[in-house]
Amino acid sequence: MRSEALQRISAMPSDAPLVVTSRTAEYVQAVENRERGLPRTAVVELLPLRLSDIRTYLVEATASPGTRWQTVFAHLTQDKNEALAEVLRTPLTIWLTRTVYAEAKATLGDLIAIAREGGRRTVEEHLMSRLITALYTPGEHSSDASVKWTPKSAEKWLRFVAAHLRAEKTLDFAWWDLNRRAPRTVHGIIGGMPI
């Protein structure tokens, strides 16, 4: 279907605003299958971040003092191919790191130990396991959602959505389809509420 998608995109007017994202290998394969790329387009490929970019981003996007990152930066400088350096070179995981360790009270010592002991996957799992708490705990760098939701209630509702996606054997989340996923009792309660 990728080749067909490229064909339909190519048929769109040249002034149509459109951004197409893809994994590199799949895009290259679709272009090769079609024997033609997208006309009038710029192709941008994300490359691993440089250590200087990692340093700048983490210091500027997190709470002061920036010196709290020095142990991590020293570790990255000493071993540029280690698991932690590998994790921080991708945009998603550096954002996760920034989000989890944004507040001044967040301790960074465990990050290096986790990388040394468990490798890249363990670091990624560690960051993901702390994401909801980081996002929904009020602080200088937390999201606006932290005002409305606690980490516990946010996790409860995210688990609810995940359970329904699993039950329907799909990874596709459509917000407009939530009413179909809600239990019948919710429909009854909402239907009986005066407006």
5 angstrom amide H check on SER22, placed H, neighbours 5+ away: none
How much accessible area does THR24 have with a 1.4 Å probe, in Å² rounded to the nearest 10? 70 Å²
Inter-label distance for ASP53 and ARG159, nm, one decimal - labels placed 7 Å from Cα along Cα-to-Cβ: 3.8 nm
Is region 91-142 rounded, prolate or oblate when judged by the Cα gyration tensor, a ≥ b ≥ c being the square roots of its eigenvalues, rounded requiring a/c under 1.5 and prolate requiring a/b larger than b/c? prolate
First obtain the Kirkwood hydrodynamic radius of region 62-131 from its Cα pairs, then insert it into the Stokes-Einstein equation at 25 °C and 0.890 mPa s, and state the resulting D in µm² per second as a whole number. 204 µm²/s
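If we sort 149-160, 4-15, 86-97 on the protection proxy, mean other Cβ atoms within 10 Å, highest first, what's the order? Walk me through the numbers on the way to the answer.
Numbers: 149-160: 12.7, 4-15: 11.0, 86-97: 18.2.
Ranked from most to least packed, the peptides come out as 86-97, 149-160, 4-15.
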Determine ³J(HN,Hα), in whole Hz, for all residues of region 42-51 in sequence, where each value follows from phi through the Karplus function 6.51 cos²θ - 1.76 cosθ + 1.60 and θ = phi - 60°; x replaces Gly and Pro. 9, 9, 10, 10, 6, 10, x, 6, 7, 4
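Given the rule -39500 (n - 2.57) for each run of at least 4 DSSP H residues, summed and divided by the residues of the chain, what is its mean residue ellipticity at 222 nm, to the nearest 500 deg cm²/dmol? Could you put the intermediate results ahead of the total?
Working: 11 runs with 116 residues, N = 195.
It comes out at -18000 deg cm²/dmol, rounded to the nearest 500.
Counting only protein heavy atoms and using a 1.4 Å probe, what share of the accessible area of region 6-82 belongs to carbon plus sulfur, as a whole percent? Don't skip to the answer; put the middle values down first.
Working: 2990 of 5700 Å².
Percent of accessible area from carbon and sulfur atoms in region 6-82: 52.
How high is the relative contact order of the chain, in percent, with contacts defined as C-alpha pairs under 8 Å that are six or more residues apart?
Values: 143 pairs, mean separation 26.5, N = 195.
Averaging sequence separation for qualifying contacts and normalising by length gives 14 percent for the chain.
Out of all Cα-Cα pairs in region 19-120, roughly what percent, to the nearest whole number, are more than 17 Å apart? Present the calculation step by step, with values, prior to reporting the outcome.
Numbers: 3023 of 5151 pairs.
Counting pairs separated by more than 17 Å, the tail of P(r) holds 59 percent.
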Quantify how much of the Cα-Cα distance distribution of region 3-72 extends past 16 Å, in percent. 62 percent
Please give the per residue accessible area of region 10-115, computed with a probe of 1.4 Å over protein heavy atoms only, in Å². 62 Å²
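The values are calculated or read from the model by the stated rules, or taken from the named source; none is laboratory data. Keep in mind that this is a model prediction, so the values were computed, not measured. Heads up, the Cβs are rebuilt from the backbone with ideal geometry, glycines too, and the neighbour counts pull from every protein chain shown. Calculation scope for accessible area: heavy atoms of the full protein, side chains included, ligands and nucleic acids excluded. Shrake-Rupley method; radii C 1.70, N 1.55, O 1.52, S 1.80 Å.
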